[in-house]
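Below you'll find the structure, written out as structure tokens, and then a few comments.
Bear in mind these aren't lab numbers, they're just calculated from the coordinates by the rules spelled out. Worth saying up front: this structure is predicted, and the values here are computed from it rather than measured. Cβ coordinates were reconstructed from backbone atoms using ideal geometry, including for glycine residues, and neighbour counts include every protein chain displayed.
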Amino acid sequence: MQAVVRTFAIGLAALFCMGQSAPDRIDYTLTPVITDGALTAVQYDLRFRGEADGETSISLPESWGGQNELWRGIDRLEVVSGGELRAGEGPARRLLTHRPNATVHLRYRVIQDFDGAPNAQQGNAYRPVIQPGYFHLIGEASIVTPTDADHTTPIRWRARNMPRGWALASDLEHRDLRLVNLWSSITVGGDFRIVHDRENQVRVALRGEWGFTDADFSARVAEIIRGQRRLFGDRPSQYLVTVIQLDNPQQNWLSIGGTGLGDAFAFFATPNAEAAPISRTLAHEGLHSWIPARIGGMPREGEAALYWLSEGFTDFYTGRVLVREGLWTPAQFAEDFNQTLRAYAQSPARTEPNTRILADFWSSQPVQQLPYQRGRMLATIWDARLRAAGGRDFDDVLLTMRDRAASGDATLANDLFAAVTQEMNLDVSGDVERHVMRGEAILLPEEVFAPCGRIVTEDITAFHRGFDIEATSSNNNIVAGTDPTLPAYAAGVRDGMVLIRRDAGAIGDSSQEIAYVMRDGETERTFRYMPTGHGVFTQQRLALAEGLAGERLAQCVRVLGGA
């Protein structure tokens, strides 16, 4: 997902800045710190003009992307010249005193505040990564700024003294930068391999050994980005994808994730990641270059309450673009869409109100997935209504929002969406109130994807692993919460065993036998059982029509991929 807390509509920023003088530029210089041949830190020097009253507040990174206390990754913050620094209000603030309007030179080091290499159990590597042979820095987690600097403040960024043989890649390597670009940036250096697709202006910086070649990965990235640009009518422009590996805490542990960062995408995966889920993640996160920033943006506070739009619409267009560009068949689309429907139907948070998402998005996995599911399903319904009315589909809504935002309309994305759909005689207000705000369950109409097939609604025995997967994952994969009334317990699964891997079955599908390999003391054992829980639930799935071919197949592709 795109974890951004400082996203604004540019038009809104311009409104706030009317009548004020243009802010001074901030200069940032990055320098690797090498000790005994190994990287130990990354140094930043920043120069700027202080406030006219002789006091300038300084902000350290604090919270972003579900990560807190990011200021722990900032070390040796000091004044090189131009003033004196003392403690501020809390660990993420400092107070700089200086002569009025003095030019100030600050210096600090970015360090890694966790032990060892990034690993999958910690999740995506959003915190600064400083390893002996490379670094990986996301702007929101590594940049110190004057507190009152506006996100439109001009900056100059450069790197120097890179060790011989090291590669450097950053989406800051161009002119006309603003502070918002620095916050929403990715910079890597070290033993990376850089692949440059000059035709599409896409660079890929990756390290480590994978199950695919650098060239194949770069080509797939270029295909996806090219398709997204085609959707939005954009010409090729500089785009960076960075790829680092996450260590496996257990055998066969699989993790794939990433985050969109303006004109870049930071990708994280375990070495066993396969091409198909990688493509989906790339497609989703790449779309965040447009959604929501270029269709109106998001509010500064309470952003999670609108993730049904920013993440849900992005998930809707992930499938649409992959089908449109020929990277997915209708069968692949249906498989992915049915995973969403299955997860939604069995989610313990399915009927939670939107206030729960705002409160617990970063602390509960079912809650975190809910806005993705709701937004994708609702966009599917609204797309079908527009097609049924004739002459339009959901693309018309999105592109109209883009045009309004580009013309200087300062309306945020959710309000702009409501206005545009109303103009197109598409009433979404009731759906948003019922299914987003109040949390009423969503059921798709049977013919929502016609002529591709139909939505089948059926009662299914509830899926349950037989133990609490969230408690197990958060406890170093030590099994917890085993239910003695379920088949897993009857098969021999007990609290205290160590979960190693899953060898069979599909998460969410109670009709398939599941097989888990666990360590019981010093013995590795395989447990096979039917993953059924208590009771039944209503589940929907897309059943493709048999014999899709010729014109009917072409019509289906137009429905799934957009006309």
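Computed 3J(HN,Hα) for the range 261-271, one whole-Hz value per residue from the Karplus formula 6.51 cos²θ - 1.76 cosθ + 1.60 where θ = phi - 60°, is 9, x, 9, 7, 9, 9, 10, 10, 7, 6, x, glycine and proline marked x. Of the peptides 94-101, 216-223, 262-269, the order by per-residue mean of other Cβ atoms within 10 Å, starting with the highest, comes out as 262-269, 216-223, 94-101. Report summary: the helix-based calculation at 222 nm, which adds -39500 (n - 2.57) for every DSSP H run with n ≥ 4 and divides by the residues of the chain, gives -8500 deg cm²/dmol. Using the Stokes-Einstein relation with a Kirkwood hydrodynamic radius computed over Cα pairs, the translational diffusion coefficient of the chain at 37 °C and a viscosity of 0.692 mPa s comes to 129 µm²/s. Where q = 0.10, 0.17 Å⁻¹, what log10 of I(q)/I(0) comes from the Debye formula for the range 120-216, counting one point per Cα? Reported log10 I(q)/I(0), two decimals: -0.33, -0.91. All C-alpha to C-alpha distances of the range 470-535, sorted into 10 Å bins beginning at zero, yield P(r) values of 22, 57, 19, 1 percent in whole numbers.
Amide hydrogen proximity for ILE155: with H placed 1.01 Å from N in the peptide plane, the residues at 5 or more positions away or on another chain lying under 5 Å are ILE26, LEU177, ARG178, LEU179.
Legend: ranking of residues MET401, MET530 from fewest to most surrounding C-beta atoms inside 10 Å; resulting order MET530, MET401.
Express the C-alpha Rg of the range 390-508 as a ratio against the empirical globular expectation 2.2 N^0.38 Å, rounded to two decimals. Intermediate results must be reported in sequence, preceding the final value.
Numbers: Rg = 22.9 Å, N = 119, 2.2 N^0.38 = 13.5 Å.
Relative to the 2.2 N^0.38 Å estimate, the range 390-508 comes out at 1.70.
The translational diffusion coefficient of the range 293-443, from Stokes-Einstein at 25 °C and 0.890 mPa s with a Kirkwood hydrodynamic radius over alpha carbon pairs, comes to 154 µm²/s. The label point for ARG198 and the one for ASP216, both projected 7 Å from the Cα toward the Cβ, are 2.6 nm apart. If you model the range 10-287 as an ellipsoid using its alpha carbon gyration tensor, with each semi-axis the square root of five times an eigenvalue, the axes come out at 33, 23, 16 Å, biggest first. Applying Stokes-Einstein at 20 °C and 1.002 mPa s to the Kirkwood radius of the range 140-187, computed over alpha-carbon pairs, gives a translational diffusion coefficient of 179 µm² s⁻¹. Listed values for the range 443-460 are Karplus-derived 3J(HN,Hα) couplings in whole Hz (6.51 cos²θ - 1.76 cosθ + 1.60, θ = phi - 60°), namely 10, 7, x, 4, 9, 4, 10, 4, x, 5, x, 9, 8, 9, 10, 8, 8, 10, and x replaces Gly and Pro. As a proxy for reagent exposure, ASP415, ASP315 were ordered by neighbouring Cβ count within 10 angstrom, fewest first; the result is ASP415, ASP315. Distance from the C-alpha centroid of the range 128-150 to that of the range 404-424: 33 Å, rounded to the whole angstrom. Over what distance in Å are the Cα centres of the range 167-187 and the range 484-560 separated? Between the Cα centre of the range 167-187 and that of the range 484-560, the gap is 42 Å. Backbone geometry of the range 511-516 corresponds, through the Karplus equation with coefficients 6.51, -1.76 and 1.60 at θ = phi - 60°, to 3J(HN,Hα) couplings of 8, 9, 5, 10, 9, 10 Hz, x marking Gly and Pro.
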